[in-house]
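Below is one structure, written out as structure tokens; comments come after it.
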Amino acid sequence: MEDKTRAFIALELPKDILEHIQKLQKWLDIDGKKTKPEHMHLTIKFLGELTSEKLEEVKSRLGKIKMNALDVKLGKVGNFNNKIVWLGVMNSDPLQQAIDDALEGLFKKEGRFMGHISLGRAKEIRKIPHNKKKLPFKVHEFVLKKSTLGPNGPIYEDIERYTLG
């Protein structure tokens, strides 16, 4: 049986943005687990378990995406089902749509994409911080990543990086 690669496509975050997010997390009061800085990213598309053949096809198609660098900015803090606390990222949709188009026929298109960074997973949310600083940042690349689930959380490795602009 062939080994499969659990993969996703993500935007990595600049150091100053990560520092701002860590300050926001200090105000987050949950019964649960806060996302570690080294695990923070914006997932553009989760691909799941891929055979080596499908992974090569994904790499080839992603390499054909031609678009300019993106200007994005942090948005509001919210939650999904009182379980996942997130920080919104505005204006990442054009890249997500380009990736969906490039991978058409291999994966289902995203029905409702909302760019976000997971701040934590909660059994109970007691207090969510308000993000007053809608910090902008430029996205010059996206990354195809491998995710290996382990007892201490996921381990992420870069498979390939793709430059924008």
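The values are calculated or read from the model by the stated rules, or taken from the named source; none is laboratory data. Model, not experiment: these values are computed from the prediction. So basically every Cβ, Gly included, is an ideal-geometry build from the backbone, and we count neighbours across all protein chains shown.
A few comments on the model shown:
- Close contacts from segment 101-116, counting a first residue that is free of Cβ contacts under 8 Å to residues at least 60 places away in the same chain and a second that is surrounded by 12 or more Cβ atoms within 10 Å (Cβ to Cβ) and assigned to a loop (DSSP other than H, G, I, E, B), with Cβ to Cβ under 6 Å and a gap of 6+ residues or different chains, come to Ala102/Ile65.
- Of all residues in segment 58-114 being small (Gly, Ala, Ser) and more than 25 Å from Pro14 (Cβ to Cβ), the one that is surrounded by the most Cβ atoms within 10 Å (Cβ to Cβ): Ser60
- Residue in segment 21-32 that is polar (S, T, N, Q) and surrounded by fewer than 17 Cβ atoms within 10 Å (Cβ to Cβ) present: yes
- Here Ala69 does not fit the description of being over 26 Å from Leu135 (Cβ atoms), of a type outside the set (Asp, Glu) and touching a Lys or Arg at 6+ places or on another chain (Cβ under 7 Å).
- Check on Glu110, of a type outside the set (A, V, I, L, M) and either outside any strand (DSSP E or B) or within 14 Å of the chain's Cα centre (by Cα) (or both): yes
- Boolean, Lys33 is within 30 Å of Ala122 (Cβ to Cβ) and modelled with pLDDT under 95: yes
- Comparison of Leu55, Leu62, Leu87 shows that the only residue that is modelled with pLDDT of 95 or more, farther than 30 Å from Ile30 by Cβ and touching a helix residue (DSSP H, G or I) at 6+ places or on another chain (Cβ under 9 Å) is Leu62.
- Residue identified as in contact (Cβ under 8 Å) with a residue 24 or more places away in the chain and under 15 Å from Lys145 (Cα atoms) among Ala69, Ala98, Ala7: Ala7
- So Lys123, is it touching a residue at least 24 places away in the same chain (Cβ under 8 Å), more than 24 Å from Thr5 (Cα to Cα), in contact with a strand residue (DSSP E or B) (Cβ under 9 Å, 6 or more places away or on another chain) and not in a strand (DSSP E or B): no
- Filter result (surrounded by fewer than 17 Cβ atoms within 10 Å (Cβ to Cβ), in a loop (DSSP other than H, G, I, E, B) and of a type in the set (S, T, N, Q)) within segment 126-165: Asn152
- Number of the exception - Ile44 against (1) within 13 Å of the chain's Cα centre (by Cα); (2) on the phi > 0 side of the Ramachandran plot: (2)
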